[in-house]
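First up is the structure itself, then whatever we jot down about it.
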Amino acid sequence: MTKQINDGKVYVDITVSMRTPLRSEVVDVTHEQALRWKADPDLCAARYFKMTVDEYREWIERNGYACCGALTKDGRPCRAALRHPHGGQLDAGEWKRLHRIETCNAHKRDKRT
């Protein structure tokens, strides 16, 4: 008779894949977290990145590019992407720090005149 070598225990790892402008980010989750993820993936991703759902969706829609915080002459938010020394696509923290807070070069010039 052959002696059993393995203990027969089964381990299941659950991961979720979250969309980011740079790549997908894969995170290990518990069973309960997976159920919450299935119910509202954008809310879970937003919480993971410390954003609101609207911020998370805008970050994705704008492909990680932070936009100018100034208003155009007709009162609408400027749509110009900010220039960043490390390129345009920003991680969530850097995007939140700059998006609609810093101004584009055109609006910086307007402030000087």
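Does Glu32 satisfy being loosely packed, with under 13 Cβ neighbours inside 10 Å, free of Cβ contacts under 8 Å to residues at least 24 places away in the same chain, more than 24 Å from Glu102 (Cα to Cα) and among the charged types (D, E, K, R)?
yes
Return the residues of the range 66-75 that are surrounded by fewer than 20 Cβ atoms within 10 Å (Cβ to Cβ) and touching a residue at least 24 places away in the same chain (Cβ under 8 Å); say none if nothing qualifies.
Gly69, Ala70
Can you name the residue in the range 87-101 that is of a type in the set (D, E, K, R) and closer than 17 Å to Arg57 by Cβ and, of all such residues, is surrounded by the most Cβ atoms within 10 Å (Cβ to Cβ)?
Lys96
Can you tell me which residue within the range 1-50, out of those that are part of a loop (DSSP other than H, G, I, E, B) and of a type in the set (Phe, Trp, Tyr), is modelled with the lowest pLDDT?
Tyr11
Residue check: is Val53 touching a residue at least 12 places away in the same chain (Cβ under 8 Å) and either more than 30 Å from His107 (Cα to Cα) or out of contact with any Gly (no Cβ under 6 Å at 6 or more places or on another chain) (or both)?
no
I'd like the full set of residues that are among the basic types (Lys, Arg) and assigned to a loop (DSSP other than H, G, I, E, B), limited to the range 51-89.
Arg62, Lys73, Arg76, Arg79, Arg83 - these are the residues of the range 51-89 that are among the basic types (Lys, Arg) and assigned to a loop (DSSP other than H, G, I, E, B).
The values are calculated or read from the model by the stated rules, or taken from the named source; none is laboratory data. Computed from a prediction, not measured in an experiment: that's the story for all the values here. With ideal geometry, Cβ positions are generated from the backbone for all residues, glycine too; neighbour counts draw on all protein chains shown.
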